[in-house]
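Just so it is clear, none of the values below were taken in a lab; they were calculated from the coordinates. Treat the numbers as computed from the prediction; the structure is a model and nothing was measured. Here the Cβ is made from the backbone with ideal geometry for all residues, glycine too, and neighbour counts use every protein chain on show.
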Amino acid sequence: MKKILVSFWFVTFLFSVEHLPAQSTEGDLLVGVWEPSHGKARVKVEKIADKYFGKIVWLREPNDPNTGQPKVDRNNPDESMRQAPLKGYRLLKDFTYSGKKEWGNGTIYDPENGNTYSCVIKARDENTLDIRGYVGVKTFGRTDVWQRVTIKK
């Protein structure tokens, strides 16, 4: 009886471990560099532990035309953050993969107006994302289409 129980747990362990990478790999489709439809920035999405985060890694106009200095988060509602550089700023936070090429439970920050929205991300394919920011209910939101940026080596 002891052998049967040990065998059962061993097989169960192997089965569960075997299926973990497939789930992780599909969710990791989000990892990469993406460009929003306005083309003003590029966002690098990374996986940290079991969540996905995105930060600005490129700006079409990296410097403020009035000061010549790197652009800062001047619209942030938190005054102490208004001098934080936009390049490197984390605007996608805490996304988890929910299956079927969809990530949720995260937020997106819009540096153009200083607002943070609930957000859901859906992959149309490996190079196209629908990013939907909303307040309260998904119906009351806006969707932007982001394209994967291929970095030539």
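For the reader, a short list of remarks on this structure follows.
- Of the trypsin sites (Lys or Arg not before Pro) in the range 35-127, the ones in a loop by DSSP (not H, G, I, E or B) with at most 10 other beta carbons within 10 Å are 60, 100.
- Cα-projected label distance for residue 63 with residue 145, points at 7 Å along beta-carbon direction, nm: 3.5
- Under the simplified labelling scheme, the residue 79-residue 134 pair shows an inter-label distance of 3.6 nm, with each label point 7 Å from Cα along Cα→Cβ.
- Expressed as a fraction of 2.2 N^0.38 Å, the C-alpha radius of gyration for the range 18-153 is 1.08.
- Whole-Å distance, taken between Cα centres, linking the range 135-153 and the range 70-123: 11
- Taking every lysine pair in the range 29-148 that is 8 or more places apart or spans two chains, those with Cα atoms closer than 13 Å amount to 14.
- Cβ-placed point charges (K, R +1; D, E -1), dipole of the range 53-131 about Cα centre in debye, nearest 20: 180
- The GluC sites (Glu not before Pro) found in the range 78-153 that occupy coil by DSSP, while having at most 13 further C-beta atoms within 10 Å, are 112, 126.
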